[in-house]
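The values are calculated or read from the model by the stated rules, or taken from the named source; none is laboratory data. The structure displayed is predicted, hence computed values, not measured ones. Neighbour counts run over all protein chains shown; Cβ positions are idealised from the backbone, glycine included. Protein only, heavy atoms only, side chains kept; ligands, DNA and RNA dropped before computing areas. Shrake-Rupley method; radii C 1.70, N 1.55, O 1.52, S 1.80 Å.
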Amino acid sequence: MKYQNLIQICEYLHAKHFLSHIKRVGDNLFKVCFDGNETLFFDMDKTSSNIHKNAAFVESKTYKAPFDVVLVKRFVKSKILNIAVPQNNRILSLRAELSAGYKRLVSEIYFEFTGRFTNVIITDEAGVILEALRHFDNDFRSIRVGKKLIPLPPREIKEQKVARIEDFSAFFEAEFKSLNERKITSLKNVKLARIEKKTEALSQSLKELPSAAELLRQAELFSLRADLLKENLYKIKDYERRISLISRAGELVEFDIQDPPKIALSQLYAEAKRLRNKSANLHLEEQNLKSKLEFYESLRELIQNAQSEQELEILLPRKRIVQERRKEGEQDVQNFYLGDFKISVGKNERGNVRLLKNSGKEDFWFHLKDTPSAHVIVKTNKQSLSEEVIEFAAKICVSFSASGSGKYLVDYTKRQNVKINEGAFVNYVNFKTISVLKP
């Protein structure tokens, strides 16, 4: 964030009177609504901080840390008393007042665009820190709750002269476009590399699948060895571990076992049975691997066409978040989280059936119109669906159902309006239809 631009933005914001709403909508991203009619985003990333506009923003996470509680309590629906930029400092401070009856609560929030020490700090009227986005201590100041905030001293700022901002709306939109292009290009590369790693592993597993005939051949060998051991068990001592026997064909067969002969015999028969079962179910394993590959190909396409950092995080969250959300038995279902909504798509028929069985009557169901497709369920928790949730769920449905580009129609309705005929085959009523363009 350039100091000269920050000064101009401060002058522009002097015309604002109220903070209608403010909340954290990303790890380092703040959504700030002024006077109920203008929303700006303060990106407090250490390497690329700025203030911008993003009309297409989709909230993908709810923040409830102590910092977020204080932020909402102190500034939502507050009156702006002052907005300032300290001399020779890339800091925007906003002083606001909340009045409730006889109580008057004055607070100040500092957006510090200061490189590696970029931060958001909330203080009370006396300048005591109530909360901060980042807590730390260094030789100059301590950013801790209960400490008095030490103002940063003026410093020499060297930057090229910037043009006067004539159209702030256009400026904020351009700031977002520039920031977004850099961020999503980098983030896409990271996430596509993860997809590539997964598809390579699945392709290798598919390639290494043995043939059903080979598995049966191995099972027969284990069974023959078990039969031979069984026939001679009466003359083998329990302590023997290296055993040599002659088969009916006159061949010498060596046994090198770790357990007593009777236990080894059971293990041989068990292995033969396992191999026969694996041979019988080999087509299911192959189908499962191919289904996963198809899923990741669809996910790769969604990531390549994503238009924002938030959309990319919804489609493929960081590994830590994935591990927190992974549940046993959901290998046939993929979950996406958009704000407070859980959007689930069936990866295959088993997944579709599971979604239909486990969804509540108030949840919403999505499906391609008049054609087989993946089933999508939006867990509403009795909340109303916003347009952005409907559009995202429909987009997910198309992406995991249709292979070609074009315009697709998606029907959606409450789960209570969907009747299961058999498996994942259904009839439904009282539905609406949305059109989705697939690139």
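Let's see how each residue does on (1) in contact (Cβ under 8 Å) with a residue 24 or more places away in the chain; (2) among the polar types (S, T, N, Q); (3) touching a Lys or Arg at 6+ places or on another chain (Cβ under 7 Å); (4) under 18 Å from Glu349 (Cα atoms):
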| position | (1), (2), (3), (4) |
| --- | --- |
| Ile390 | yes, no, no, no |
| Lys395 | yes, no, no, no |
| Phe400 | yes, no, no, yes |
| Asp411 | yes, no, yes, no |
| Arg415 | yes, no, yes, yes |
| Phe431 | no, no, no, no |
Determine whether Ser401 is among the hydroxyl-bearing types (Ser, Thr, Tyr), in contact with a Leu (Cβ under 8 Å, 6 or more places away or on another chain) and open to solvent by 20 Å² or more (accessible area, probe 1.4 Å).
yes
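Tell me which residues, restricted to segment 92-102, are more than 33 Å from the chain's Cα centre (by Cα) and in contact (Cβ under 8 Å) with a residue 40 or more places away in the chain. Give the steps one after another, and end with the answer.
Start the filter on segment 92-102 by keeping residues that are more than 33 Å from the chain's Cα centre (by Cα), which leaves 95-102.
Matches in segment 92-102: Ala96 only.
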Mind listing just one residue for me: the one in segment 9-18 that is in contact with a Phe, Trp or Tyr (Cβ under 8 Å, 6 or more places away or on another chain) and part of a helix (DSSP H, G or I) and, of those, most open to solvent (accessible area, probe 1.4 Å)?
Tyr12
Name the pairs: first residue in segment 121-147 and under 23 Å from Leu81 (Cα atoms) and open to solvent by 20 Å² or more (accessible area, probe 1.4 Å), second residue in a loop (DSSP other than H, G, I, E, B) and not hydrophobic (A, V, I, L, M, F, W, C), Cβ to Cβ under 8 Å, at least 6 apart or on different chains?
Val128/Gly146; Val128/Lys147; Leu133/Asn28
All-but-one check, Leu355 against (1) modelled with pLDDT of 90 or more; (2) open to solvent by 50 Å² or more (accessible area, probe 1.4 Å), failing number (2)
Given (1) modelled with pLDDT of 95 or more; (2) open to solvent by less than 10 Å² (accessible area, probe 1.4 Å); (3) within 20 Å of Phe57 (Cβ to Cβ), where does Leu6 come up short, assuming only one miss?
(3)
Between a first residue in segment 103-115 that is under 16 Å from Lys148 (Cβ atoms) and open to solvent by 10 Å² or more (accessible area, probe 1.4 Å) and a second residue that is modelled with pLDDT of 95 or more and not polar (S, T, N, Q), which pairs have beta carbons less than 6 Å apart while being 6 or more apart in sequence or on different chains?
Glu108/Arg95; Tyr110/Ile91; Tyr110/Ile121
Within segment 222-244, track down each residue that is in contact (Cβ under 8 Å) with a residue 12 or more places away in the chain, under 56 Å from the mean Cα position of the chain (by Cα) and open to solvent by less than 90 Å² (accessible area, probe 1.4 Å).
Phe222, Ser223, Arg225, Ala226, Leu228, Leu229, Arg241
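Residues Lys31, Lys73: which one is farther than 30 Å from Gln160 by Cα and among the charged types (D, E, K, R)? I'd like the intermediate steps shown before the answer.
On the way: Lys31 fails: farther than 30 Å from Gln160 by Cα.
Exactly one of Lys31, Lys73 is farther than 30 Å from Gln160 by Cα and among the charged types (D, E, K, R), namely Lys73.
Looking at Glu286, Glu301, Glu254 in this structure, which one is in a strand (DSSP E or B), open to solvent by 50 Å² or more (accessible area, probe 1.4 Å), in contact (Cβ under 8 Å) with a residue 12 or more places away in the chain and of a type outside the set (S, T, N, Q)?
Working: Glu286 fails: in a strand (DSSP E or B); Glu301 fails: in a strand (DSSP E or B).
Going through Glu286, Glu301, Glu254 in turn, just one is in a strand (DSSP E or B), open to solvent by 50 Å² or more (accessible area, probe 1.4 Å), in contact (Cβ under 8 Å) with a residue 12 or more places away in the chain and of a type outside the set (S, T, N, Q): Glu254.
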Determine, yes or no, whether Leu149 is of a type in the set (A, V, I, L, M, F, W, C) and farther than 30 Å from Glu311 by Cβ.
yes
Hits in segment 312-321 - residues which are within 18 Å of Phe295 (Cβ to Cβ) and either among the charged types (D, E, K, R) or at pLDDT below 50 (or both):
Lys319
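Looking only at residues in segment 198-212 that are open to solvent by 70 Å² or more (accessible area, probe 1.4 Å) and in a helix (DSSP H, G or I), which one is farthest from Glu311 (Cα to Cα)?
Just the residues of segment 198-212 that are open to solvent by 70 Å² or more (accessible area, probe 1.4 Å), to begin with: 198, 200, 204, 207-208.
This time we only want the ones that are in a helix (DSSP H, G or I), so: 198, 200, 204, 207.
On the way: Lys198: 20, Glu200: 24, Gln204: 30, Lys207: 33 Å.
Among those residues, the one meeting the criterion is Lys207.
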